[in-house]
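The values are calculated or read from the model by the stated rules, or taken from the named source; none is laboratory data. Everything numeric here is computed off the predicted structure, so don't read it as measured data. Heads up, the Cβs are rebuilt from the backbone with ideal geometry, glycines too, and the neighbour counts pull from every protein chain shown.
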Amino acid sequence: MFGFIVAFLVFGLMVLVVAAGFRASERAVNTFDQTRRERKTVRVQANEIRRS
């Protein structure tokens with residue numbers, strides 16, 4: 001019985017770690033997309049300023 005409880009706790013901890021890692025990686029991807037979009041916007045604005 002004690003072994004079952006320990007196994008259950010270890011499994012729960014693994015699920016939490018996987019969920020936290022997934023959220024962290026998703027946040028990193030979103031941040032990367034955001035910076036890329038902002039860089040593109042800055043480049044477009046610079047081109048417009050150069051043209052005028």
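Results for (1) at pLDDT below 75; (2) surrounded by 10 or more Cβ atoms within 10 Å (Cβ to Cβ); (3) in contact with a helix residue (DSSP H, G or I) (Cβ under 9 Å, 6 or more places away or on another chain); (4) not in a helix (DSSP H, G or I), shown as yes or no for each residue.
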position: 3; (1), (2), (3), (4): no, no, no, no
position: 9; (1), (2), (3), (4): no, yes, no, no
position: 14; (1), (2), (3), (4): no, yes, no, no
position: 20; (1), (2), (3), (4): no, yes, no, no
position: 34; (1), (2), (3), (4): yes, yes, no, no
position: 46; (1), (2), (3), (4): no, yes, no, no
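Does residue 30 count as within 11 Å of the chain's Cα centre (by Cα) and of a type in the set (S, T, N, Q)?
On the way: within 11 Å of the chain's Cα centre (by Cα): yes; of a type in the set (S, T, N, Q): yes.
Yes: the conditions hold for residue 30.
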